[in-house]
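Here is the structure we will look at, set down as structure tokens.
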Amino acid sequence: MLSSEILADPVALTRALVDIESVSGNEDRIATAVQNALGKNLTVERVGNVVVAATDLGRPQRVILAGHLDTVPVAGNLPSTVDGDLIHGCGTADMKSGVALALHLAATVAEPRYDVTYLFYDCEEVESERNGLNRLSRSHPDKLRADFAVLLEPTYGLVEAGCQGTLRAMVTATGRRAHSARSWLGANAIHAAGTILQTLKTYEARTVTIDGCTYREGLNAVRIAGGVAGNVIPDECRVEVNYRFAPDRTEEAAAAHVRELFDGFAVEITDSAPAALPGLTAAPAKEFLAAVGQPPQAKLGWTDVARFAALGVPALNFGPGDPNLAHTREEHVEISKIRAGAEVLRRWISG
Ligand SMILES: [Zn+2]
């Protein structure tokens, strides 16, 4: 039960949420607590363990504040403890302090300048198929309609906009098997893979600046496999390549680039996820940046902002936690960062 005193204080609320254990797949209790905390000025809907609460004030623009309710497995770090300015515990940074900010605003800002959709979802820390935001985007895409979204993932109080895409490809060199005592009768696929490795070694990754955010690409071998036996010239060598690409490229363009680089080899795209443009030109985004008062940075990893971008909703990450502490045993969040984040969001959303 989250009392109105707790909802009024984002620090107390962070602790209360952290102390409701919610490892992915076990979000029932926290989703119910969040649902019950959302006031009468909001239309609240529960879809599984996704909770969506929306204002309907007839404002010209709608923004989304979103956060996941789940955590990675507890590492002997619950219940939370406080030590000076720090709250320690599983989920403090990633991302219950962010969820607390959204829930605190939902409970305390009656007249936001935009219509607001508060979105709390499950299973972010596990495979994409189970991800609550992913499921909602398929079952209720209308609930994700907005002009701008803020995902309250840990950024240590910075604005991290857009995100890079990621693609994995298997690049295969082929040859002909032979007895290694008569190697001239074969063609060595491992040697042929040297050309693939040379391409990777000399590859000059692009640096792309969009809306003031600089995205640094990367193309790397992440695995290699080949060989048959100690006396056989190998006929196949497979190099798994991971390409992290800037948001000026679509998944298709990224795949075409990789195929072109490894022309002459078999290239199979095994996995890909799109990048997201920073989308900082929408009016609510500009107003958000003004409230933060700091230049945005590029998000280099892949995050759920890409799911919003895929639906045509520009999105960025902004949260009080330190992303370097996410998923660690030492996970903690600064109380001062929670208070500062609450102030920024309040300034922005109340106008
Ligand atoms: Zn997270």
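The fraction of accessible area contributed by carbon and sulfur in the chain is 49 percent, rounded to a whole number (1.4 Å probe; ligands and nucleic acids excluded). Computed from backbone phi, the HN-Hα couplings of the stretch 6-16 come to 5, 5, 6, 10, x, 6, 4, 5, 4, 4, 4 Hz, rounded to whole numbers (Karplus: 6.51 cos²θ - 1.76 cosθ + 1.60, θ = phi - 60°; Gly and Pro given as x). On a per residue basis, the stretch 213-351 carries 46 Å² of accessible surface, using protein heavy atoms and a 1.4 Å probe.
Residues of the stretch 1-149: accessible area per residue at 1.4 Å, in Å²? Don't jump to the answer; show the numbers that get you there.
Numbers: 5760 Å² over 149 residues.
Heavy-atom SASA per residue in the stretch 1-149 reads 39 Å².
Coupling constants for the stretch 33-43 follow from the phi torsions by the Karplus curve (6.51 cos²θ - 1.76 cosθ + 1.60, θ = phi - 60°), and in residue order they are 4, 5, 4, 6, 7, 7, x, 6, 6, 10, 8 Hz; glycine and proline get x.
Work from the charge dipole of the chain (Cβ charges, +1 for Lys and Arg, -1 for Asp and Glu, about the Cα centre) and give the residue of PRO234, LEU219, GLN294 farthest towards its positive end. Of the listed residues, the answer is PRO234.
Between GLY218 and ARG244, the built amide H atoms are under 5 Å apart, and every one of these is 5 or more places off in sequence or on another chain. The accessible-area ordering, largest first, of the residues TYR118, TYR203 stands as TYR203, TYR118, per a 1.4 angstrom probe. Here is how the number arises for the chain: DSSP H runs of 4 or more residues each give -39500 (n - 2.57), the sum is divided by the residue count, and the result at 222 nm is -8500 deg cm²/dmol. If Lys and Arg each add +1 and Asp and Glu each add -1, what is the summed charge of the other residues whose beta carbon sits under 14 Å from the beta carbon of PRO296? Neighbourhood net charge equals -1.
Magnitude of the Cβ-charge dipole of the stretch 71-160, K/R +1 and D/E -1, about the Cα centre, nearest 20 debye? Let's see the in-between values first.
Values: 7 positive and 14 negative charges, 59 e Å.
Computed charge dipole of the stretch 71-160: roughly 280 debye.
Scoring 326-338, 248-260 by mean Cβ neighbours within 10 Å over their residues and listing the highest first yields 326-338, 248-260.
Report relative contact order for the stretch 213-274 in percent, whole number only (criteria: Cα-Cα under 8 Å, sequence separation at least 6).
On the way: 56 pairs, mean separation 18.6, N = 62.
After rounding, I find 30 percent.
The values are calculated or read from the model by the stated rules, or taken from the named source; none is laboratory data. As the structure is a computational prediction, the values presented were derived from the model and not from experiment. Cβ atoms come from the backbone with ideal geometry, glycine included; neighbour counts cover every protein chain shown. Accessible surface is based on the protein model in full, side chains and every heavy atom, while ligands, DNA and RNA are left aside. Shrake-Rupley method; radii C 1.70, N 1.55, O 1.52, S 1.80 Å.
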